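The values are calculated or read from the model by the stated rules, or taken from the named source; none is laboratory data. All of these numbers come straight from a predicted model, not from anything done at the bench. Here the Cβ is made from the backbone with ideal geometry for all residues, glycine too, and neighbour counts use every protein chain on show.
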Amino acid sequence: MERLLMGPGPSNPYPEVAAALVRPVTGHLDPAFLDLLDETCERLRTVFATGNALTLPLSGTGSAGMEAAMVNLVEPGAPVVVGVNGLFGERIAEVARRAGADVVRVEAPWGEPLDPAALVGAHPAPSVIALVHAETSTGVRNDVAAVAAGKGDALVVADVVTSLGGIEVAVDEWGVDVAYSCSQKCLGAPPGLAPITVSDRARSRLVANPRSWYLDLSLIAAYVEAGGGRTYHHTAPVTMVSALHGALGAVLAEGLDTVRERHRRCGQALQDGLERLGLRLLAPEGHRLPQLTTVVVPDDLPGGASEADVRRRLLQDWGVEIGSGAGRLAGKVWRIGCMGHTARRRNVDALLAALAEVLDR
């Protein structure tokens, strides 16, 4: 059965991605692959809205981008302010702690946005201020632009894993110093890569000999930017880069503004439909993500079913997969993705019809 994946994970691939995945594998030092890598990096600059030279897909999922940002920017004992209003803010704080930071947490209840003024004012001289733009565990959008506007001498690190390609991300305009994402969500490629972009300002403060050789951005930059005289760093995941190249090509061919509008319309239709079913949305209006909707699990599930029973029946009977709650929200919410190729009105209608049947509403 073909399944409709509407959780927070991989979306259905664009045809360009499927074609890339079945092509014969090219060597990772082959000039043809290096040309494709260069073009992939240029496409990423467009999607990130940046001119940063150091913009590339890291080998690893979105959490590899998170770790790369922290180990390359954090000196032991450095004060790092981290916004925490969901699971991935928690993860940034933990990764920063392991990198040796003196972590200053600025918290908001899960399901509520962070206060930009509280982040900016949390420490008189932080080296880094880090936050999640689109918190995947709660469906809440945090105001990265406002934080970056008041950053002072600090470097701003933004997790745009769930936002890149789905809602506006404007790295240069906002003044974000490092942003990292993933390949599988709104960009529509399979998981396995972490696009990252690093400003010149951040590059001037990269840690010498960071605690990870594999994620040492200075070494990776030497490889990516060396042109024909590239210095070997590690074996690049050729097929995955090719798939991301295809996904970015599809997004840019459709038009980035058009893709974002498609996400907006589908997210709005989904959220309106869920409320018509009498379901309550977790994130407050004005901070809801169109591409990731969190729904509070109702108390009156039919037949004494659990929330997991509902997800199981959707998958088994309807071929529709939605995500469970994560972290503190486990068992309390469903996470419904509407992203990448999946952000189509027909998929929204299919999900709403299936959910109405399963919930007997």
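Here are the numbers for the structure shown:
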| read-out | value |
| --- | --- |
| Test for Tyr180: is it of a type in the set (Ser, Thr, Tyr), in the same structural domain as Arg97 (by TED's automatic domain parsing) and either within 30 Å of Glu261 (Cα to Cα) or crowded, with 21+ Cβ neighbours inside 10 Å (or both) | yes |
| Test: Gly89 is in contact with a Lys or Arg (Cβ under 9 Å, 6 or more places away or on another chain), crowded, with 24+ Cβ neighbours inside 10 Å and at pLDDT 95 or above | yes |
| Odd one out for Gly77 among (1) assigned to a helix (DSSP H, G or I); (2) farther than 29 Å from His263 by Cβ | (1) |
| Matching option when the condition is buried (at least 19 other Cβ atoms within 10 Å of the Cβ), out of contact with any Ser or Thr (no Cβ under 7 Å at 6 or more places or on another chain), farther than 25 Å from Arg203 by Cβ and assigned by TED's automatic domain parsing to the domain that holds Ser199, among Val120, Val132, Val84 | Val84 |
| Looking only at the stretch 194-216, and only at residues there that are among the hydroxyl-bearing types (Ser, Thr, Tyr) and out of contact with any Phe, Trp or Tyr (no Cβ under 6 Å at 6 or more places or on another chain), the one that is nearest to Arg43 (Cα to Cα) | Ser199 |
| Unmet requirement for Leu36, which otherwise passes all of (1) assigned to a loop (DSSP other than H, G, I, E, B); (2) over 20 Å from the mean Cα position of the chain (by Cα) | (1) |
| Filter result (surrounded by fewer than 18 Cβ atoms within 10 Å (Cβ to Cβ) and more than 21 Å from Asn347 (Cβ to Cβ)) within the stretch 308-325 | Ala308, Asp309 |
| Residues within the stretch 144-186 that are of a type in the set (Val, Ile, Thr) and in contact with a Lys or Arg (Cβ under 7 Å, 6 or more places away or on another chain), tallied | 3 |
| Hits in the stretch 81-93 (condition: over 16 Å from Ala330 (Cβ atoms) and not in a loop (DSSP other than H, G, I, E, B)) | Val81, Val82, Gly83, Val84, Gly89, Ile92, Ala93 |
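Quick grid of which residues meet (1) in a helix (DSSP H, G or I); (2) closer than 23 Å to Cys186 by Cα:
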position	(1), (2)
Arg260	yes, yes
Glu275	yes, no
Thr294	no, yes
Asp299	no, no
Arg313	yes, no
Arg346	yes, yes
Asp349	yes, yes
Leu352	yes, yes
